Amino acid sequence: MRPLYPLVCLLMAFSRPALAQVKNPDTMTELTIADADTLDAAWQYDTGSAEAILNIYEPLFWFKGSSLTKLVPLLASKVPSRANGLISRDGRVYTIPIRKAVHFQDGSLMTPEDVRYSLMRFMLQDRDGGPASLLLQPLVGYNSTRDASGKLKPNAYRDAARAVQVKGDAVVLRLPKPYAPLLSILAQWGLVVSRSWAAQHGDWDGSEATWQKFNNPEKQATAFYEQADGTGPFKLERWDRANHEIVLERFDDYWRGPAKLKRAIIKSVPEFGTRKLLLQAGDADVIYASELQYKEVAGLPGVRIIENQSSVEMNPVVYFTFKINPVGNPYIGSGRLDGDGIPPDFFSDKNVRLGFADSMDYAGFIRDVLRGHGTQATGCIPVTLPGHNPRQKTFHLDLAAAKEHFQKAWDGKVWKEGFRFTILYNQGNNEREVIAEILKRNVEGLNPKFHVDVRPVEWPQFLDGYNASKLPIFTMGWHADYPDPHDFAFPNMHSQGSYPLAQHYSNPKADRLIDEAIASTKAARRRKLYFELQRIEHEDCPHLLIVDAVHFRTQRDWVRGWTNMPIFPDDPYGSYFYQLWKAPAAKRERR
Amino acid sequence: MGRFILKRLALLPFVLFGVTALLFCVLQFLSPEMRAALYVKDPRQLSSLEAVIDKYGLRKPVYVQYGVWLKQLAHGQLGYSETAKMPVVDAIKEFFPATFELTCVSFLPILLLGVYFGTLSAVYKDKLLDQLTRFIAITGYSLPSFVLGLLLLMLFYGKFHWFPPGRYGLDTDLLVHGDSFRHVTGLLTLDTLLNGDWAAFLDVLKHLVLPAATLIYIELALLLRITRSSMLEELGKDYVRTAKAKGLPGSMVVRKHALRNAMIPVVTLSSLLFIMLLGGVVITETVFDFPGIGRWGVEAAQQLDIPGVLGSTLLAAGLFVLANLASDVLYAFVDPRIRLE
Amino acid sequence: MKKLLSNPSSLAGLALIVFFAAVAVAAPFLARPPKGARNPYLIPQDGYSSEPARPSAKHWFGTTESQYDLYYGMVWGTRTAFEVALFVVVTSLFIGILLGGAAGFYGGWIDEILMRGTDVVLAFPDLVLAVVIVSVTRPGLFNAMISVMLVSWPSYARLLRGDVLSIKERDFVAAARALGASDARILFRHIIPNCVYPLLVLASLSMGRIVITAAALSYLGLGAPVGYADWGQLISLSRNWIMGGSGNSFQYWHTLLIPGAAIFLFVLGWNLLGDAVRDVLDPRQRS
């Protein structure tokens, strides 16, 4: 031992700086602002939960690299297509062969029965405000297992059982009619859980006799709420709700081989200052930093910013309400076109909408607020998805045109009398605030009788006004449920979509296009339909689209292996830990 | 005495009932949509807002909701707190020890420093020591805790990286939640010691320094002032003058006579202070991201997490009543002139 | 009055309050609202960038998050501070006198009901109750003031009740009663004037507390909206910047220290003054 001592010292002297560079080399700590809501794959509908869940559970398919259209099999052994005959010619039967010899984290073997159970459970749990409609709609043709009065539909179980069947080593899905985005929905939401584990832990056993008992449960009542048993690369070690953190531990028998990281921690830290400091100290490896905080993280030693990561979202969007609810409404002044308010149907006049559209400084917003990153949106379908039309005409800041529109609006009365109303944005959202301020400044500059008040509101108040259609103009956004143009076309343009419903906007032509596109499985045809839809969108101007945004990821330079998966929850801040590991940063990356 | 205590204890349920009734009265102002905001957070869920409102019975009249809640209470349940993401009972078990620990760490220095310097300040009235004490008291009393807290963070965390916010660092986190860690008291300073882990103990202590310092500086002020003024009052009384005139040494007069009488309001105040701290120090816990009752309560209040608010306020209100009782009893002990009835 | 002016600390308090009052009165001249501004309390913004700018010739105190001019915010925030403090103290004093006086004077079940009511309100952690009230009635400055008022009156009511109880037993009250004076006359002519001083002392002492509580609500994002000239609001804007920028931990010191110092000095002024008022008015303290 003794003679070796100097050698050891020497070695340590050399190796220590390199090793010391990486703190906690086999633990990855990510700090977010989203706090997980549940670990139940059928309940979750928030990014905080989804990130942890997608590290524990696995879907049948996943997207190849950064692609949003190419799928690779995960728990399925093949991706169905017409070419390989696994999708029937009429587009209504999908045969999905299931991978063999995959084990759950409790050691049991995953079978096609588990897949069937998981899809059924996803549909039949159907909690209010949950994601169940994403699979219910394509597989059984209706949105909810309950009718409008909240009563259970007695045939829901049988409909679901008819749609999802096991045939040998495959699961066969039978759709009432073709549904183009089905595979990408399954890739995001069809997460496989163990039926036997569920039954043992007091959740639904998969039988028809008991499903009603597990329909629309309380969040904490499901067995999957705070425990987990998936096939994924990480097991749940602990969900510490007091400290807002989820600790994941490597699953050593993972079928694709164990992850490089031993442990992954997702912790919610709402205060940016704290996140930044933990990152600086190397206690955190990845943190969420918004556009607002760019300057504070850029250039920190040992920190790497990965810029220009594309997203699947349309945010922010400024919506006009066509028929405002005037009852007890503080946002529309007098409620008449007398210079001290607006009538409830103020925005149903297209010229008013166009006047606002021409008053928005799109380029200035992208330049000043987003540091010039991102491109102006050309339609409700984001640039990352098929169906986006880069050549679609858009609005530009054109105050002369805006003036002209306002002069024509309501037969010249708007220009003569002026107006006053309130634009609301949710408190703390800087981008939405700035948009409201830009609109205010430019519109008020056109005519001294134009008055726009800008007010922040808290989420509860916002929701209150929104649901009652009391907000004259509101700014919201949409993040993809799954990467398909339908997921953007429907909520933004279809008269039954969430936003048009609140706006009281409907255009039968737009409805027809959307209905046709969802049932068509031919890519070229769909593209044409969506192009036409976005032409109508521009013409009708029911809302203002601002930007196809890009984001940046902030991580320590020793984090390796990250590639952008735009559809992954909270991307590019969220992490699929299986691809990551830690190693000293190469010299050139240091600044 | 016993009857008095029993009588006061009997009041407890009434106060608690009043507290919850008052809260539900305030709720009357809320629309069902506003309360549903707790469950509907994502624009993707907007279309099912009505269903969510129905599911949680938010459209029912408030008194019906109160009845439901009371019935739940009768079964020993306090409901589920969305902000804590756990049942209210668990949340209290989770957050209370943290607050208790912070309170203990801050309270002792407050008491000792407050009484010691308050007395000295009165004895050496208008001397340098008195001026200094009064300066500290008045500045502490005038400094909002969030200003002081942020300043301390700026200096000792932003600049020197000494005292981070939160309750513990990553290593301690893993240790405390590891299988081999024995949880005895729920107080991490004690538990880490009992487990023999010095590093973790120091880490926990490090996280307590700034919030405790903030509390000490700000709450010390009141005790200093009360001790000083109450002491001054006693020293000005005839019996002290007489004693002094009779030739008793000054320090003895102070210790034997004046101090004892002057302690009466101090005892009352400090027992109230202790409980007030226990009820949660909202701002300090928020500023330092310290997972205690106060932070939970205010977070619940902000997000309209009604079960959470009810739970945390019930706890604080219960403690408050007990504290008042305790201070009255102490009062009687210290001051024999007072008889409880 | 002479006593007030002879004591250096009360003089300092008076000077501070006079200074702030002068700033509040002269706000339109010290910080001219931008042309066409409809509400002078809204702080002008110089651009949209989030990063605070350091003090400069253009912005004497620099800008805080989202480029709100700090100098402007401080000047007009003085008015807000006075409005909040005076409104809350006057209204809660009023309620306190009414309820506390009635409870102490009439005793019996009126006393029982009123005092159990104050027990309930006092049993709340006051900030939590205030936060609940504001969250429910929707965040805003006025609602914040109302909520602070609703949590502050019980201490006045308690104090007054106690004093009324003790004074009620005194000889001169008994004498007045024997002479056949009416309840109202006894209460308002004989009792309340005799306990008004402790109340005033408490009021002047609680002025500072009230400013702090209201500022705390703003700090939690429940008071004045972002961009409104309010010190607590400005401090909450500094929260993201106390760690400084890369390389300089104190790069954004002004975002915290300037509004922090203003609140501190304002409250300090009231406290010094309150102390002095107590020394003057409270005969027990006279030595």
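The values are calculated or read from the model by the stated rules, or taken from the named source; none is laboratory data. No experiment lies behind these values; they were computed from the predicted model shown. Virtual Cβ from ideal backbone geometry, glycine too; neighbours counted across all protein chains shown.
Looking for something surrounded by 21 or more Cβ atoms within 10 Å (Cβ to Cβ), of a type in the set (Phe, Trp, Tyr) and not in a helix (DSSP H, G or I) - is there at least one such residue anywhere in region C:123-146? Looking for residues that are surrounded by 21 or more Cβ atoms within 10 Å (Cβ to Cβ), of a type in the set (Phe, Trp, Tyr) and not in a helix (DSSP H, G or I), one finds at least one in region C:123-146, hence yes.
When residue A:56 is tested against (1) more than 16 Å from the chain's Cα centre (by Cα); (2) at pLDDT 95 or above; (3) within 22 Å of residue A:486 (Cβ to Cβ), only condition (3) is not met. The selection criterion, being in a helix (DSSP H, G or I), farther than 30 Å from residue A:315 by Cα and in the same structural domain as residue B:191 (by TED's automatic domain parsing), holds for residue B:107. Return a yes/no flag: does region B:106-119 have any residue that is within 14 Å of chain A (Cβ to nearest Cβ), modelled with pLDDT of 90 or more and within 17 Å of residue B:275 (Cα to Cα). Checking region B:106-119: not a single residue is within 14 Å of chain A (Cβ to nearest Cβ), modelled with pLDDT of 90 or more and within 17 Å of residue B:275 (Cα to Cα). Per the listing B:38, B:30, B:22, the residue uniquely aliphatic (A, V, I, L, M), part of a loop (DSSP other than H, G, I, E, B), under 25 Å from residue A:461 (Cα atoms) and at the interface with chain C (Cβ under 10 Å from one of its Cβ atoms) is B:30.
Hey, does region A:86-101 have a residue that's within 30 Å of residue B:50 (Cα to Cα) and in contact (Cβ under 8 Å) with a residue 60 or more places away in the chain? Looking through region A:86-101, none of the residues is within 30 Å of residue B:50 (Cα to Cα) and in contact (Cβ under 8 Å) with a residue 60 or more places away in the chain. Would you check if there is a residue in region B:185-205 being in a loop (DSSP other than H, G, I, E, B) and within 14 Å of chain A (Cβ to nearest Cβ)? Checked against the condition, which is being in a loop (DSSP other than H, G, I, E, B) and within 14 Å of chain A (Cβ to nearest Cβ), region B:185-205 yields at least one hit. Restricting attention to region B:152-173, the residues that are crowded, with 19+ Cβ neighbours inside 10 Å and facing chain C (nearest Cβ under 9 Å) total 4. Consider region C:52-67 and keep the residues that are closer than 22 Å to residue A:372 by Cβ and touching a residue at least 24 places away in the same chain (Cβ under 8 Å). The one that is nearest to the other protein chains (Cβ to nearest Cβ) is C:66. Scanning region A:456-469 for residues that are surrounded by fewer than 22 Cβ atoms within 10 Å (Cβ to Cβ) and touching a residue at least 60 places away in the same chain (Cβ under 8 Å), which turns out nearest to residue A:414 (Cα to Cα)? Across region A:456-469, the extreme among qualifying residues is A:469. The single condition among (1) within 14 Å of chain C (Cβ to nearest Cβ); (2) surrounded by 15 or more Cβ atoms within 10 Å (Cβ to Cβ); (3) over 29 Å from residue A:221 (Cα atoms) that residue B:101 does not satisfy is (1). Contact map, region A:408-428: first residue within 14 Å of chain C (Cβ to nearest Cβ) and surrounded by fewer than 19 Cβ atoms within 10 Å (Cβ to Cβ), second residue part of a helix (DSSP H, G or I) and at pLDDT below 95, Cβ cut-off under 7 Å, separation 6 or more or different chains; pairs are A:426/A:432; A:426/A:459; A:426/A:462.
Residues that are among the β-branched types (Val, Ile, Thr) and outside any helix (DSSP H, G or I) within region B:77-102 comprise just one, B:83. Scanning region C:248-268 for residues that are in a helix (DSSP H, G or I) and without any contact (Cβ under 8 Å) to a residue 40 or more places away in the chain gives C:253, C:256, C:257, C:260, C:261, C:264. Restricting attention to region A:110-131, the residues that are within 14 Å of chain B (Cβ to nearest Cβ) and assigned to a helix (DSSP H, G or I) total 1.
Per-residue answers, yes or no, for (1) surrounded by 22 or more Cβ atoms within 10 Å (Cβ to Cβ); (2) of a type outside the set (D, E, K, R):
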{"position": "A:512", "(1), (2)": "no, no"}
{"position": "A:533", "(1), (2)": "yes, yes"}
{"position": "A:546", "(1), (2)": "yes, yes"}
{"position": "A:580", "(1), (2)": "no, yes"}
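Kindly provide the set of residues from region A:107-125 that are farther than 14 Å from residue A:76 by Cα and touching a Lys or Arg at 6+ places or on another chain (Cβ under 9 Å), ordered by number. If the condition is that a residue be farther than 14 Å from residue A:76 by Cα and touching a Lys or Arg at 6+ places or on another chain (Cβ under 9 Å), then A:109, A:117, A:121 are the ones that fit. Going by the structure shown, is residue B:51 modelled with pLDDT of 80 or more and within 14 Å of chain C (Cβ to nearest Cβ)? No. Here the condition is being more than 14 Å from every other protein chain (Cβ to nearest Cβ), under 29 Å from the mean Cα position of the chain (by Cα) and acidic (Asp, Glu); of C:163, C:171, C:183, it holds for C:163 alone. Number of residues in region A:279-290 that are facing chain B (nearest Cβ under 8 Å) and in contact with a Leu (Cβ under 9 Å, 6 or more places away or on another chain) equals 1. Applying a threshold of 7 Å to beta carbon distances and a minimum spacing of six or more residues, or different chains, the list of pairs starting in region B:1-27 at a residue that is not assigned by TED's automatic domain parsing to the domain that holds residue B:314 and ending at one that is among the aromatic types (Phe, Trp, Tyr) reads B:19/C:124; B:24/B:66. Restricted to region C:184-217, and to residues there that are β-branched (Val, Ile, Thr) and surrounded by 22 or more Cβ atoms within 10 Å (Cβ to Cβ), the residue that is farthest from residue C:235 (Cα to Cα) is C:191.
The sole residue among A:444, A:516 that is more than 26 Å from residue A:184 (Cα to Cα), assigned by TED's automatic domain parsing to the domain that holds residue A:340 and of a type in the set (D, E, K, R) is A:444. Restricting A:356, A:272 to residues that are aromatic (Phe, Trp, Tyr) and over 25 Å from residue C:51 (Cα atoms) narrows the list to A:356. Residue A:264 is checked against (1) within 24 Å of the chain's Cα centre (by Cα); (2) of a type in the set (Gly, Ala, Ser); (3) more than 14 Å from every other protein chain (Cβ to nearest Cβ) and fails just one. What number does that condition carry? So the condition that residue A:264 fails would be (3).
Candidates are the residues of region C:114-137 that are facing chain B (nearest Cβ under 7 Å) and closer than 14 Å to residue B:296 by Cα; the one that is modelled with the lowest pLDDT is C:125. Scanning region B:269-283 for residues that are within 10 Å of the chain's Cα centre (by Cα), in a helix (DSSP H, G or I) and within 11 Å of chain C (Cβ to nearest Cβ) returns B:272, B:275, B:276, B:277, B:278, B:282.
For the residues C:223, C:227, the requirement of being of a type outside the set (Phe, Trp, Tyr), buried (at least 24 other Cβ atoms within 10 Å of the Cβ) and touching a Leu at 6+ places or on another chain (Cβ under 9 Å) singles out C:223.
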